[in-house]
Amino acid sequence: MTSTTTANGCLVCDGSESETLYDGILRCRSCGYVFADMNLSDEELFQLYNEEFFTGAEFSDYASDERFFRKNFELRFRELQKFTDPARHNTLLEIGSAYGFFLDTVRARFRSVEGIDITDAGIAFARERFKLDVVQADFLAHDYGARKFDVVCMWDTIEHLREPQKYVEKIAAHTEPGALLALTTGDIESLNSRLRGRSWRLIHPPTHLHYFSPATIKLLLERHGFEVVYNRPCGFWRSFGNVAYNVLVLRQNQPQLFKPFEWTGLARLGFYLNLYDIMYVIARRR
Ligand SMILES: [Zn+2]
């Protein structure tokens, strides 16, 4: 393994030395945090999340899987509710709100729900279809003034961010003690990740830039004033279409093999799977 010095230090522990874990993937020698070895400009990042992200580049057709996203969000919310107090947790912000399926699923349970996302297609859909309060912006660049939120959610989002530590820091600034931060992300130290190595489906630069473990996500959150109160592997509903698209089109570049899934309607059917390689983390602001 080669050791390199990271210019700005590890974003989790400030350590300055990293080593190569896989091709293009580095690991901090001090804390074990794993990250993609690349620097994206603002422009490159916005390019990645244009309309095609949800309709071809990363998902075959995100909106058509609405039923399965909602099932997942119901499951996530059922766990989150074990930590929420209806008298204390009234306002919710979702960072990376995509098409608004989560916000629409839980809106009746909060006084207010709102979202922020950089993709124009998702924001337009959430506004038109659900009349949700969502803004198209980068959370770091958006001015929330002195506003505070009681619950902040980031579903499958933190791994996409260029500077996740700044997000956590800003979330801390817009929450009061007792507020909750809930997120899901891959677990690089899970058995499935170790077995699959560089081929683990969540190793996916340049959209996935960060690969946390229970230890490194805890370090990051604690450093910015959050205590982890829950961390468990979570399963998910998926459509056969979504899985087939990922494997046949994105990985193997065989779009003709994907067609039968659409013709037969198999793409619209779904299943539940828990590979124990996605962490569901809930943290409470100190
Ligand atoms: Zn580190």
If I ask for residues that are under 16 Å from His224 (Cα atoms) and open to solvent by 10 Å² or more (accessible area, probe 1.4 Å), which ones from the range 151-171 would you list?
Glu163, Gln165, Lys166, Tyr167, Glu169, Lys170
Could you look through the range 103-115, keep only residues that are in contact (Cβ under 8 Å) with a residue 24 or more places away in the chain and open to solvent by less than 40 Å² (accessible area, probe 1.4 Å), and pick out the one that is nearest to Leu45 (Cα to Cα)?
Leu103
Would it be correct to say that Ile118 is buried (at least 22 other Cβ atoms within 10 Å of the Cβ), over 20 Å from Arg284 (Cβ atoms) and hydrophobic (A, V, I, L, M, F, W, C)?
no
Search result, residues across the range 46-64 that are in a helix (DSSP H, G or I), at pLDDT 80 or above and under 17 Å from the mean Cα position of the chain (by Cα)
Leu48
What are the residues in the range 17-41 that are outside any strand (DSSP E or B) and within 9 Å of the ligand (Cβ to nearest atom), if any?
Arg29, Ser30, Cys31, Gly32, Tyr33
Scan the range 134-181 for residues that are of a type in the set (Phe, Trp, Tyr) and either in a strand (DSSP E or B) or more than 16 Å from the chain's Cα centre (by Cα) (or both) and jot them down.
Tyr144, Phe149, Trp155
Does Pro233 meet the test of being modelled with pLDDT under 95 and farther than 14 Å from Tyr33 by Cβ?
no
Kindly indicate whether Gly100 is of a type outside the set (Val, Ile, Thr) and more than 16 Å from the ligand (Cβ to nearest atom).
yes
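State yes or no: is Lys148 farther than 19 Å from Phe69 by Cα and basic (Lys, Arg)?
The answer is yes for Lys148.
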Conditions (1) free of Cβ contacts under 8 Å to residues at least 12 places away in the same chain; (2) assigned to a loop (DSSP other than H, G, I, E, B); number of the one not met by Leu275:
(1)
Are any residues in the range 67-92 more than 25 Å from His174 (Cβ to Cβ), at pLDDT below 95 and loosely packed, with under 15 Cβ neighbours inside 10 Å, and if so, which ones?
Arg67
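The values are calculated or read from the model by the stated rules, or taken from the named source; none is laboratory data. Bear in mind the structure is a predicted one, so any value in this text is a computation, not a measurement. Here Cβ is always computed from backbone atoms with ideal geometry, including for glycine, and neighbour counts include all displayed protein chains. Surface accessibility is based on the protein's heavy atoms, side chains included, excluding ligands, DNA and RNA. Shrake-Rupley method; radii C 1.70, N 1.55, O 1.52, S 1.80 Å.
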